[in-house]
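Written below as structure tokens is the structure these notes are about.
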Amino acid sequence: MSDADPLVERAPAVADAIDAERDRQESTLGMIASENHVSKAVLDAQGSCLTNKYAEGYPGKRYYGGCEHVDTVEELAIERAEELFGAEHVNVQPHSGTQANQGVYFAVLDPGDRILSLDLTHGGHLSHGHHVNFSGQLYEVEQYEVDPETGYIDYDDLADRAAAFDPDIVVSGSSAYPREFDWERIGEIADAVGAYHLADIAHITGLVAAGVHASPVEHADFVTGSTHKTIRAGRGGIIMCTEEHAEAVDKAVFPGGQGGPLMHNVAGKAAGFGEALTDEFEAYAEQVVENAKTLADVLRDHGLSLVSGGTDKHLLLVDLRDSHPDLTGEDAEAALETVDVIVNKNTVPGESRSPFVTSGIRIGTPCVTTRGFEREEMEAVGEGIVRVLDAPDDGAVLDDVADDVARLCADHPVYR
Ligand code: DSN
């Protein structure tokens, strides 16, 4: 930033922190599966004067004057999302994926109703009914799991649990499940017990938009997502549903669960969805998955265990218990951070350690693919990760891998 920058002049401490964060993002490999780097266009949209505008309501039906331009932005976001996903109805106002799930629950559930969803330690999400989240406090929750042998969801077990529990809604989708969901099968299971099916595609919104992962839109009453992970449309959430639920969903989002929409974020969604409609984005999404598969091959070849044995999408879940029984997820995350590879510790199916310690790490490829990484770079990253996990206290190894990471970052800038 130049000295003439108003942020530097008026809020230097904030400007310094933003500069430091920009440097951190440039000089480290972001491999947290739920993160990405948006384009400069999306950054501009999100950092725009739209942050100043109140627009409670929906396009053409607001509670405030002066909404003609934010109406244009919201209509663009909706039209582009409808084109990307083929959904009958789209609401682009949820502030996040969790708020999107809240919108669906508020639309069709009453407190005390029943949710059947994937357990958090088997790849699910807090907002799918975890006891520390509103969803676990307002509703009665039963959870399904992955098969301990294969790491894949056991759909027969899911069907049995649905029959026994009689849920009002079956939630599919995950934050740490490396395999594709069989949306059709889950839709059938939900139908068989008269439950709604909510497919939460937060992690894979971009992969679904690009056709790289199967779409749940035909097999679910509701599809929720976040807009800042694989789709690169900046912070936020989205709800898609059939026309039959459109009014209930819109009312549940506003005025039910939120006040004024964050119109600067809606602008980011409009810009990012426009980018996602391009062939370039489709190629990007394919490469995200290719890169995850390449990384999986390298780690497996070096004896690391991956939950389910590999991946169909943008993330891997490394279970350290077999290969490195004394190395916790927490320690692995910390060791990798010393060489500027940023991952997160993660619970694994059958976890015995606390969520602050864990026995696994989750590794994602959206950010590094945005930087332009392909096979050669992914192989180098995989080799570096293995070296660090094998010798987390060996200073010479850590220095060597850190040098390689620095070179990769310099050769593949994010914004510079
Ligand atoms: N916190 C996100 C993740 O890392 O998966 C999900 O909300």
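What the table below lists for this structure:
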item: Any hit, the range 64-87, residues being within 18 Å of Ala209 (Cα to Cα), more than 16 Å from the ligand (Cβ to nearest atom), among the β-branched types (Val, Ile, Thr) and under 17 Å from the mean Cα position of the chain (by Cα); result: no
item: Single condition Pro392 does not satisfy, out of (1) crowded, with 16+ Cβ neighbours inside 10 Å; (2) within 16 Å of the ligand (Cβ to nearest atom); (3) not in a helix (DSSP H, G or I); result: (2)
item: Cβ-Cβ under 8 Å pairs, at least 6 apart or on other chains, the range 145-158 side more than 13 Å from Val170 (Cα to Cα), far side among the aromatic types (Phe, Trp, Tyr); result: Val146/Tyr152; Val146/Tyr177; Ile153/Tyr144; Ile153/Tyr177; Ile153/Phe181; Asp154/Tyr144; Asp157/Tyr144
item: Residue count, the range 346-368 (criterion: crowded, with 19+ Cβ neighbours inside 10 Å, away from the ligand (no atom under 15 Å from the Cβ) and part of a loop (DSSP other than H, G, I, E, B)); result: 3
item: Residue check for Glu35: acidic (Asp, Glu), closer than 30 Å to Gly123 by Cα and either modelled with pLDDT under 95 or within 16 Å of the ligand (Cβ to nearest atom) (or both); result: yes
item: Residues within the range 224-253 that are away from the ligand (no atom under 16 Å from the Cβ) and touching an Asp or Glu at 6+ places or on another chain (Cβ under 6 Å), tallied; result: 2
item: Those residues of the range 149-205 which are part of a helix (DSSP H, G or I) and either acidic (Asp, Glu) or on the phi > 0 side of the Ramachandran plot (or both), in sequence order; result: Asp156, Asp157, Asp160, Glu184, Glu188, Asp191
item: Any hit, the range 174-181, residues being surrounded by fewer than 24 Cβ atoms within 10 Å (Cβ to Cβ), under 30 Å from Gln46 (Cα atoms) and within 16 Å of the ligand (Cβ to nearest atom); result: yes
item: Total residues in the range 192-223, condition small (Gly, Ala, Ser), within 12 Å of Ser172 (Cβ to Cβ) and either within 16 Å of the ligand (Cβ to nearest atom) or in contact with a strand residue (DSSP E or B) (Cβ under 6 Å, 6 or more places away or on another chain) (or both); result: 4
item: Set Leu120, Leu126: member being at negative phi, within 16 Å of the ligand (Cβ to nearest atom) and modelled with pLDDT under 95; result: Leu120
item: Matching helices (runs of 4 or more DSSP H) fully within the range 12-114 where at least 2 residues are more than 30 Å from Val318 (Cβ to Cβ) and of a type in the set (D, E, K, R); result: 12-27, 40-46, 68-85
item: Unmet criterion (only one of (1) outside any loop (DSSP other than H, G, I, E, B); (2) free of Cβ contacts under 8 Å to residues at least 40 places away in the same chain) for Gly303; result: (1)
item: Verdict on Gly47 being at positive phi and more than 20 Å from the chain's Cα centre (by Cα); result: no
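The values are calculated or read from the model by the stated rules, or taken from the named source; none is laboratory data. Note that the coordinates shown come from a computational prediction; the quantities given were computed from them, not determined experimentally. Note that we place each Cβ from the backbone using ideal geometry, even for glycine, and neighbour counts take in every protein chain shown.
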